[in-house]
1. How do the pairs read when you match residues in the stretch 77-88 that are farther than 20 Å from Met53 by Cβ with residues anywhere that are at pLDDT 75 or above and surrounded by 15 or more Cβ atoms within 10 Å (Cβ to Cβ), using Cβ under 6 Å and keeping only pairs 6 or more apart or on different chains?
2. Which ones in the stretch 180-193 are touching a residue at least 24 places away in the same chain (Cβ under 8 Å) and either over 17 Å from Ala149 (Cβ atoms) or surrounded by fewer than 13 Cβ atoms within 10 Å (Cβ to Cβ) (or both)?
3. Filter the stretch 1-27 for residues that are part of a helix (DSSP H, G or I) and open to solvent by 40 Å² or more (accessible area, probe 1.4 Å) and give the result.
4. Please go through the stretch 194-209 and give me each residue that is open to solvent by 70 Å² or more (accessible area, probe 1.4 Å) and assigned to a loop (DSSP other than H, G, I, E, B), ordered by number.
5. Out of all the residues in the stretch 233-249, is one or more open to solvent by 60 Å² or more (accessible area, probe 1.4 Å) and part of a helix (DSSP H, G or I)?
6. Restricting to the stretch 260-295, name every residue that is touching a Phe, Trp or Tyr at 6+ places or on another chain (Cβ under 8 Å) and open to solvent by less than 60 Å² (accessible area, probe 1.4 Å).
7. Do any helices (runs of 4 or more DSSP H) lying entirely in the stretch 250-364 carry at least 3 residues that are over 29 Å from Arg9 (Cβ atoms), touching a Lys or Arg at 6+ places or on another chain (Cβ under 8 Å) and modelled with pLDDT of 85 or more, and which ones are they?
8. Is there any pair linking a residue in the stretch 161-179 that is in a loop (DSSP other than H, G, I, E, B) to one that is open to solvent by less than 40 Å² (accessible area, probe 1.4 Å) and among the acidic types (Asp, Glu), with Cβ under 9 Å and at least six apart or on different chains, and which?
Amino acid sequence: MKKTMKLTRKIQVVVDLPTAEERQAAIGKLYHWQTCCYRTANLMVSHLYAQEMMEDFFYLSEGTRVKLWDERKDPAGIFTTSRMNTIYQVASRRFKGEMPTNIISCLKGSLYSEFTKSRAAYRLGERSLPNFRKDMPFPFSREELRQFAYVSAQKAFCFRLFGIPLKTYLGRDFSDKRGLLQQLAQGELPLCTSKLQLKNKKIYWLPVFELEKTSAPLQPGVVAEASLSLAYPLVVKVGKHRLTIGTKEEFLYRRLAIQAARKRAQQGATYAKSGKGRRRKLKAVAKFKETERNYVRSRLHLYSRRLIDFCLKHQAGTLLLLEQADKIGIAQQEEFVLRNWSYDELLTLIQYKAAKVGIEVVLG
């Protein structure tokens, strides 16, 4: 079992320049890089797919070589360089000078790794190529983030990214972001390849921290048995100790109430003022959609946190989720349950929080 894990956070940042003209110029540059990034990503996966399917191009001439290898290492190879470097060369030739080459290098590594994992599914036609959008975050390595420090005068963490000064905006944040950034500024926490995203007229930094798993006093022989159901989000038992987490009324009925309000907003949107078109007419609908998403995310985080705290309290080193596969199968068959009960998302949060403290999760 790995002793470390990677943790991603979403932190808003602002351009730290004195005049509005300088700030707009820097933001425009970031937007241009993000646009080049999504075009680069689509270009790279297209070339990788074409290379992978080269053997199926039976309509080419008989003398065509199809071995995906460097011709200097293998006479039957069709490349003048390594396969991973081919997509870098393609992107570099088209976008060099328009965006930092560090972004292209980080994209090359991540996209090639993801493509390799799904190679068999692509060949069988079971999966389509990903289509990257304009607001996708662009990656950069740790070396490009410089002069990271906490500035007391601005009450913010400041740094420079590709020469552009940025500072964090945490607001009334009660999560662990401030503590993680403090450890990063003091050199106590390593930073991995991270990303920057511009969306809804805001700039978000997505740092990836490498944390050591906390060593809680756990006993591998102590097993916590948990089950997910429609009546209760979670029921967990360790020996004679039993805990019910959440209720049907707390989660399901509240979510249905938000959905009903959203439906009423949809019906009333016909008579709403259209001022700026479709977006204004559906403004209330979008608001309720975001409210439902935030409510579900908040509840599931709370339930998974209480489950892990209960396991830690009783030193349970193993968490057994009973009949989880059967529950997901039932949810997929019943439309009402599938739409309103987030089994997969809750399971993901439980596995993530359990891995952080060293608890092994077993699906029964």
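1. Tyr88/Lys108
2. Answer for the stretch 180-193, where residues must be touching a residue at least 24 places away in the same chain (Cβ under 8 Å) and either over 17 Å from Ala149 (Cβ atoms) or surrounded by fewer than 13 Cβ atoms within 10 Å (Cβ to Cβ) (or both): Cys192, Thr193.
3. So in the stretch 1-27, the residues part of a helix (DSSP H, G or I) come out as 20-27.
Matches in the stretch 1-27: Ala20, Glu21, Glu22, Arg23, Gln24, Ala25, Ile27.
4. So in the stretch 194-209, the residues open to solvent by 70 Å² or more (accessible area, probe 1.4 Å) come out as 195, 199-202.
Answer for the stretch 194-209, where residues must be open to solvent by 70 Å² or more (accessible area, probe 1.4 Å) and assigned to a loop (DSSP other than H, G, I, E, B): Asn200, Lys201.
5. Within the stretch 233-249 (the criterion being open to solvent by 60 Å² or more (accessible area, probe 1.4 Å) and part of a helix (DSSP H, G or I)), the answer is yes, since at least one residue qualifies.
6. Taking the stretch 260-295 and keeping what is touching a Phe, Trp or Tyr at 6+ places or on another chain (Cβ under 8 Å), we get 261-262, 265.
Result: Ala261, Ala265.
7. Working: elements: 254-268, 278-281, 283-313, 324-333, 335-340, 343-357.
Qualifying helices (runs of 4 or more DSSP H): none found.
8. That search, which allows pairs on different chains as well, returns Phe162/Glu144.
The values are calculated or read from the model by the stated rules, or taken from the named source; none is laboratory data. These numbers were taken from a predicted model, which means no experiment stands behind them. All Cβ positions, glycine included, derive from the backbone under ideal geometry; neighbour counts span all protein chains shown. Note: accessible area is taken over every heavy atom of the protein model, side chains too, but ligands, DNA and RNA are not part of it. Shrake-Rupley method; radii C 1.70, N 1.55, O 1.52, S 1.80 Å.
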